[in-house]
Amino acid sequence: MNALTQRESTALPSMQVDEKELIDVLRNSLYPGAQDASIKLVLSYCKAAGLDPMQKPVHIVPMKVSTGERDERGWDKKENRDVIMPGIGLYRTQAARTSQYAGVTEPEFGPMKTMQYIETTWEDGHDGRRQKRQVSAEVEYPEWCRVTVKRVVGDQVREFTAREYWMENYATKSAGSQEPNAMWKRRPFGQLAKCTEAQALRKAFPEFGAQATADELEGKQLDDDTMTIDMPTTKPPVESPKSRSEKKAAAADVTDVPSTEKAADGKPAAQADAVAAKPISDSALRVLKTKMENAGVSEAEIVKKFGFDLDGVTTANYNSITDWLKDPMQ
């Protein structure tokens, strides 16, 4: 790190705050549910690059990485690992710092195309039970996007143009599916424009390196010579995730704890709290998933909005989630 970067880093107001306090602020605002070790990676990255962590120049991305070993069934073993990845905002900041950045054009889009895919929906059956049904659906998207980044080279303004195709960039809802995830359905133009701008910035400023942004890789799978990395659609990692069965067992243990304090309904206070916060039933979870599908909301968006995934839904917060699903844009 050179002297200029050191001065920029130490001059940032957020870096003057106590590290523990700053970690708490980042966890409760920009990186909900992230582990301390992961946020420290963000701080170290920002200090080295002279970046303000409060501007969220990078993302914490949980990845499932192959260990190269196989389990008793012969399948690849995978482990969770948090990785720091740049966002499109970081590329823009780095370009501006060179004093050679001469701007970027508005994205141009190609003709509209239509893609058909099989979508899974839930509907009421004759026996009153919810049944899964696969139906044909379609999404309209721009065939391509073109963005030009301008850079001053010597005494001339040079243009670096990138063209990216929607079909080569969009992320699917799940592995083995052709259905776009919720974000690419809702923002087919905006998502493609970010991917194209990032590519144009890398062409104009090759010193940035070849690392793709988190915006480009969300929901995708990366293949490497030695490992396979599954990029989840959920950006903020959840600390110490538990299965639903483990959470139900934990709730049962708490319910059995004796207490002399009485709640308003006459039950022991500890028991009343445990009952209110126990995981929802499997049937309620199915209903919730149906509401999410109908609203076009992914589990990643639930994490972003509430700070926990579907395993964290309890009887205490279920109504808040379902009320939000009625108007997820609020």
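What follows is calculated from the coordinates using simple rules that are stated; it is not laboratory data. None of these values were measured; they are calculated from a predicted model. Positions of Cβ are backbone-derived with ideal geometry, glycine not excepted, and every protein chain shown enters the neighbour counts.
Side notes on the structure shown:
- Contour excess over end-to-end distance, with Cα ends at Phe306 and Lys289 and 0.36 nm allotted per residue: 4.6 nm
- Per-residue 3J(HN,Hα) values for segment 76-81, derived from phi via the Karplus relation 6.51 cos²θ - 1.76 cosθ + 1.60 with θ = phi - 60°, read 5, 7, 10, 10, 7, 8 Hz in sequence order (x marks Gly and Pro).
- Fewest-first sequence of Tyr165, Tyr170 by Cβ atoms within 10 Å of each Cβ: Tyr165, Tyr170
- Of the chymotrypsin sites (Phe, Trp or Tyr not before Pro) found in segment 67-120, the ones in coil according to DSSP and having at most 16 other Cβ atoms within 10 Å of their Cβ are Trp75.
- Gyration tensor (alpha-carbon) shape descriptor, segment 3-87, a/c threshold 1.5: prolate
- Rounded FRET efficiency, nearest 0.05, which uses the C-beta distance separating His126 from Lys40 and R0 of 51 Å: 0.35
- Shape of segment 94-212, Cα gyration tensor, a/c cut at 1.5: prolate
- Short-range pairs are left out: with C-alpha atoms under 8 Å and at least six residues apart, the relative contact order of segment 94-212 is 25 percent.
- 3J(HN,Hα) along segment 311-318: 5, x, 6, 10, 5, 7, 10, 4 Hz, from the Karplus curve 6.51 cos²θ - 1.76 cosθ + 1.60 with θ = phi - 60°, whole Hz, x for Gly and Pro.
- Taking trypsin sites (Lys or Arg not before Pro) across segment 54-133, the ones in a DSSP loop with at most 13 further Cβ atoms lying within 10 angstrom of their Cβ are Arg73, Arg129.
- Computed E for Asp24/Ser99 - FRET, C-beta separation, R0 41 angstrom, nearest 0.05: 0.70
- Length released on extending from Glu207 to Thr67, taking residue separation times 0.36 nm less the Cα-Cα span: 47.3 nm
- Each residue, Glu143 and Glu108, gets one label point 7 Å from its Cα in the Cβ direction; the gap between the two is 1.4 nm.
- Qualifying trypsin sites (Lys or Arg not before Pro) in segment 283-321, where qualification requires a DSSP coil assignment and no more than 16 other C-beta atoms within 10 Å, are lacking entirely.
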